[in-house]
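Everything on this sheet refers to the single structure shown next.
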Amino acid sequence: MAEPVSTSTLIGSDGFELHPADETAILEQLKHYEQPQAACIDALKIVQRRHGWVPDDAIPAIARVLGIGPGAVEGVATFYSLIFRQPVGRHVVLVCDSSSCFLTGFDELKQALVNELGVDYGGTTSDNRFTLLPVCCLGACDGAPALMIDNDTYGPVTPDDLPRLLEGYP
Amino acid sequence: MAIIHVDGQDYEVNGAQNLLQACLSLGLDIPYFCWHPAMGSVGACRQCAVRQYKDEDDDKGSLVMSCMAPAADQTRISIEDEEAKAFRASVVEWLMINHPHDCPVCEEGGHCHLQDMTVMTGHDRRRYRFRKRTRRNQELGPFIAHEMNRCITCYRCVRFYNDYAGGTDLGAFGAKDNVYFGRYAEGTLESPFAGNLTEVCPTGVFTDKSHSEQYTRKWDLQFAPSVCHQCSMGCNISPGERYGSIRRIENRYHGEVNGYFLCDRGRFGYGYVNRSDRPLLPEWRQQPDEEPTTLEVDTALARITDTLRHSQRVIGIGSPRASLESNHQLRELVGADNFSTGIEAREQACLALMDDLQRTTGLHTPTPRQIENHDAILVLGEDPVQSAGRLGLNMRQAALSRREAMGEKIGIPAWNAEALKTLGQDVYHPLHIAWPTATELDDVATRYPLAPEEIARLGFAVAHIIDPAAPVVDNLDPATRDTAQRIADDLMAAERPLVVSGGSLVSDSVLQAAGNIAQALARRARQGGLVLIRREANSTGLSLMGGQTLDWAMDELTEGRADAVVVLENDLYQRLPAQRVDQALARADIRVVLDHQRTATLARASFTLPAASFAEGDGTLVNLEGRAQRFFQVYEPGYLRPEARIHESWRWLHALAAGLRREDATDVNLDEITAACAEAHPALTGMVEAAPGAGYRIEGLRLAREPHRYSGRTAMRANLSVSEPRPPQDEDTPFAFSMEGYSGFDHPRQQVAFAWAPGWNSPQAWNKFTDEVGGHLSGGDPGIRLIHRQPGHRDYSLRIPAAATAENTLRALVLPSLFGGDETSARAEPIQQRMATPVVILCHIDAEALDVHHGDTLVLGDSPAMTVHEQDDWPTGWAGLPAGLLPGLAQGEALTLSKTTGGEP
Ligand code: SF4
Ligand code: SF4
Ligand code: FES
Ligand code: FES
């Protein structure tokens, strides 16, 4: 007979609990798709919006709400670089390293960011304010080199612009 | 049929295949990874590139993936093309960039598809000089070891585990050059088919943990064609032995039964063969349960025959887990009137009914592979994955095959797996399952959580809708009527409807209902099928042989009508309440038990004879189709353990019979016993044809049990004696305990001990032994059907149970259980680790009546504490208990469960 397994006992716990409002929001997203797995990205974004990132325990929780396997959810959650699987700072700085930006000053911009923040890619400032990550083309090539802080895109950005820009994100 | 041109030669191929499959079927070698004959093509690995030309005049052509190109008529390709060869060499080099090159310590080594393909492409120098990506491995439970560094990202594992077998906990994680195949979190792989990953994965990422603990390379193992003894499916297996113990079970390809896959009970449940407490010598006990004294063979035989001769009447109790030959020989010893099948009365009645239905309903019984072509299925009172493991995988393919039907309409070939998967997301052929609790197939099925009587009533109602001449069900509630209508509509709309039922519920009425549906479909001229699941490996065979029930045998003894009993490979305590068995055995002055396991029954024997398990003996079993299949001895136990006196039960029983007649015990061979058995039982006449006899030779040679690179034979007994004795001789079969003998594939043959071909060391070597890749063994698939559809007429059964009325009693609903529900595999350690913790399933009302909640514990008498699992839609009045938890518990038995009081277990 099938053993009644509670999946949540199978994994190391990081104490994540799905917020009831998020569960409702995920169920709402489900209505937009024919297949539940299609709502997976939305579900991950909903969780990330609240927590800033997607903890491991969120995977079986989302799988349960969507009615799909946790393997499928983890597959999506690890495929997309903008679904964060480790805690990030209050603001995420995404610096574009694709062709247009690469040709128009990405190197200097990235170096300036590293100097300004004191962390390299993947790092979070000690005050937990910023996390620095690379990103591919932001679709802002006309304003290359470009970067994105949270939901705001900026470009062209010079190293000199950085202190003022970052100031806007306390 | 299509003509294709390969490197200037013309070949006739099956045009429905892709070029890779067609070329492999021709015996042409093209390297490949992601393609698998059972799972089709995805074009992921790029290893199978060939050059394809537009027409005769095209001398440039272009590289294509042969697995993704149809073998259409007049296709022109070159495998030998220089650029294609260079491309393939590069592909394997890329795939191996992060590979640790750790073959010497890798357990895949010697049967590794990656090794084979690397050699085939000629990639023999590593040029990559940089840092390799490394991985953390996961602990995946008792069956499977994980070594992710060896992954070549072919995606076969997830395609098998998720797409083919319906698993949900394994996945592909990450992106680009950083993809990880594992569980979403560390933990036991949940799928009951996970063991197939060890053969599906072309490298050493997923390997067999049970093998790991006693590792031996494939070339050093001794194999024989065997048949799984752990359920009634009869999957073909190749057990591998070294130093007198079974080291692993490999799938043995059978085109109609198990194909490329086994279930985990069959693959990992062999540990009982290797138990150190197995009886090795005849034993004698004065009193039940006391420490036995060992006896010499001659003394034992003389004393047993002597005491039997002085007894008034001897009852023989046979066994559905023993071979036909052994059962027949027991019947010869005690006489037909004194022979019991060893099967409990109600189960035996169900078995007889199943034989009858297979003959008389008018629907034929498809092979497991043919099940995959059925386009609507009704499962009545069975949980196929739990009761017949591998069969569940066939049924899942039937449900999934709807996408192939959809693809056919728009020109997508059946092998184009990814396209079909996208096309057919979440659409399945109808699969209706009447079963009270969750099954592994629920994600592709509609399930009706009903009690046994209601399942029968539903079935009778379906039959009546299909053919109004079938009896009508009185007082049917509207909900059940609607369900019956939906099911009947689906079955009638299908081209090949299939009815699946079986003995799990031990219910005459459920089987009668299934019979009525089958008959109704046959009358409506449907090309349908009927599959009936039996409980044990030879239940079907014993039913064909016939004999008295176990209950009868118990009564004969208890009431003093017999004073001696011979029990064959059967633990009676698994079948009847302990008290009843105790009583009967206590009245028997002489209790002879033949077994390979120390069971509770054996502990009460006055004489014990050490029987061969499937690993040490030959015999014939009949599976749920009615297919008689021979299993062959893998190794001779006495060669490495000269003190062991293990023999097939049929040999022991033959010697006892000779002793009783005061004849010298001349030895007997398998063919003689098989022939005698076939002659004595008209229903078994065909069994002789199940496999070739001992005289069979190819090119004048016996068939080898050992690969020709088998090493160390001269040394393996050196701890006993430095002079190497002659290898054991096999008088019973055409196989030799040796690497000498035929082991090739150019002569068509059915009985293949192990698959090996030059350049093909992995299980993919089976492709050399088949008529076409993924088809049938070139010498025909093994075994012979003994049960056939008969012309004639069956009257519809009128035995419709009354609608359930509220009762106060709680009845046992024993649920078949893949891990733990089978007596012998439950003695294997890895299986024990996978058994469910003791649970009892109750509905809310009954839980309340017992004053318990989900998670509380209950006991039945002095049983282990069982955790209450409340299931919302579980039928009222029933307590669901996994098989094997409470031995001797009868299906439907009234139960008095009590709460555990604090402190007590
Ligand atoms: S783990 Fe094995 S089967 Fe899975 S992708 Fe890697 S090599 Fe292929
Ligand atoms: S399905 Fe049955 S016969 Fe096949 S491997 Fe599993 S236990 Fe053995
Ligand atoms: S390349 Fe940077 S925005 Fe497009
Ligand atoms: S086998 Fe053809 S691409 Fe992998």
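The values are calculated or read from the model by the stated rules, or taken from the named source; none is laboratory data. What you see is a predicted model; the values in this text were computed from it and never measured. So basically every Cβ, Gly included, is an ideal-geometry build from the backbone, and we count neighbours across all protein chains shown. Note: accessible area is taken over every heavy atom of the protein model, side chains too, but ligands, DNA and RNA are not part of it. Shrake-Rupley method; radii C 1.70, N 1.55, O 1.52, S 1.80 Å.
Remarks
- Placed amide H near A:Phe130: partners under 5 Å, 5+ positions off or other chain: A:Arg90, A:His91, A:Thr125
- Percent of beta bridges antiparallel (DSSP, the protein assembly as shown, rounded to nearest 5): 55
- Unit charges on C-beta of K, R, D, E only; dipole of the stretch B:347-540, Debye: 500
- Electrostatic dipole magnitude of the stretch B:710-856 [Cβ: Lys, Arg +1; Asp, Glu -1; Cα centre; debye, to 20]: 420
- Value of relative contact order over chain A, rounded to a whole percent, pairs C-alpha under 8 Å and six or more apart: 18
- For the stretch B:374-381, the Karplus equation 6.51 cos²θ - 1.76 cosθ + 1.60, evaluated at θ = phi - 60°, returns couplings of 7, 10, 7, 10, 10, 9, 10, x Hz by residue, with Gly and Pro reported as x.
- For the stretch B:153-240, GluC sites (Glu not before Pro) are listed when DSSP marks them as loop and at most 14 other Cβ atoms sit within 10 Å of their Cβ; the list is B:Glu213.
- The packing ranking of peptides B:248-260, B:36-48, highest mean first, is B:248-260, B:36-48, where packing means the average number of other beta carbon atoms within 10 angstrom of each residue.
- Mean-position separation - Cα centroids, the stretch B:422-462 and the stretch B:370-406, in angstrom: 11
- Counting Cβ atoms of other protein chains within 10 Å of each Cβ in A:78-91 and taking the mean gives 1.
- Table column - 3J(HN,Hα) (Hz), the stretch B:817-826, Karplus curve with 6.51, -1.76, 1.60, x for Gly and Pro: 9, 4, 9, x, x, 10, 3, 7, 5, 5
- Euclidean distance of C-alpha centroids, the stretch B:852-905 and the stretch B:656-690, integer Å: 46
- Inter-chain neighbour count for B:164-171: the average number of beta-carbon atoms from partner chains within 10 Å of each residue's beta-carbon is 5.
- Sparsely packed loop sites in the stretch B:6-75 (the chymotrypsin sites (Phe, Trp or Tyr not before Pro) outside DSSP H, G, I, E and B with at most 13 other Cβ atoms within 10 Å) do not occur.
- Counting protein heavy atoms only, the stretch B:128-234 has 48 percent of its accessible area on carbon and sulfur, 1.4 angstrom probe.
- Other residues whose C-beta falls under 11 angstrom from the C-beta of B:Leu431 contribute a net charge of -1, scoring Lys and Arg +1 and Asp and Glu -1.
- For B:Leu431, residues with placed amide H under 5 Å, excluding near neighbours: B:Ile377, B:Thr446
- Taking all protein chains together and rolling a 1.4 Å probe, B:Val531 ends up with roughly 0 Å² accessible.
- Cross-link reach list, lysines versus A:Lys110, counting only Cα pairs under 19 Å and skipping chain neighbours closer than eight places: none
- Solvent exposure, largest accessible area first (probe 1.4 Å, DNA, RNA and ligands not counted), of B:Lys409, A:Lys45: B:Lys409, A:Lys45
- On a per residue basis, chain B carries 36 Å² of accessible surface, using protein heavy atoms and a 1.4 Å probe.
- Here the Karplus relation 6.51 cos²θ - 1.76 cosθ + 1.60, evaluated at θ = phi - 60°, turns the backbone of the stretch A:125-131 into coupling constants of 5, 5, 7, 6, 8, 10, 10 Hz, with x for every Gly and Pro.
- Inter-part distance where the stretch A:123-170 and the stretch B:63-79 are each reduced to a Cα centre, Å: 50
- Sorting B:Glu616, B:Glu80 by accessible area puts them as B:Glu80, B:Glu616; the probe is 1.4 Å, largest comes first, and only protein heavy atoms count.
- Taking all protein chains together, A:Asp56, B:Asp551 sort by accessible area into A:Asp56, B:Asp551, largest first [probe 1.4 Å].
- Share of carbon and sulfur in the accessible heavy-atom surface of the stretch B:347-540 [1.4 Å probe, %]: 48
- Rolling a 1.4 Å probe across all protein chains gives B:Lys85 an accessible area of roughly 80 Å².
- Estimated FRET transfer efficiency when R0 is 25 angstrom, pair A:Gln111-B:Arg129 (beta carbons, to 0.05): 0.30
- Residues whose placed amide H lies under 5 Å from that of B:Val566, excluding near-sequence neighbours: B:Ile315, B:Gly316, B:Ile317, B:Val592
- Förster-model FRET efficiency, 41 Å R0, B:Asp482 and A:Arg49, C-beta, rounded to 0.05: 0.40
- Rounded to the nearest 10 Å², the accessible area of B:Asp555 at probe 1.4 Å: 60
- Take the accessible area of chain A alone and of chain B alone, subtract that of the pair, and you get about 1800 Å² summed over both chains, using a 1.4 Å probe.
- Only the Cβ atoms of Lys and Arg (+1) and of Asp and Glu (-1) were treated as charged; on that basis the dipole of the stretch B:810-899 about its Cα centre amounts to roughly 240 debye.
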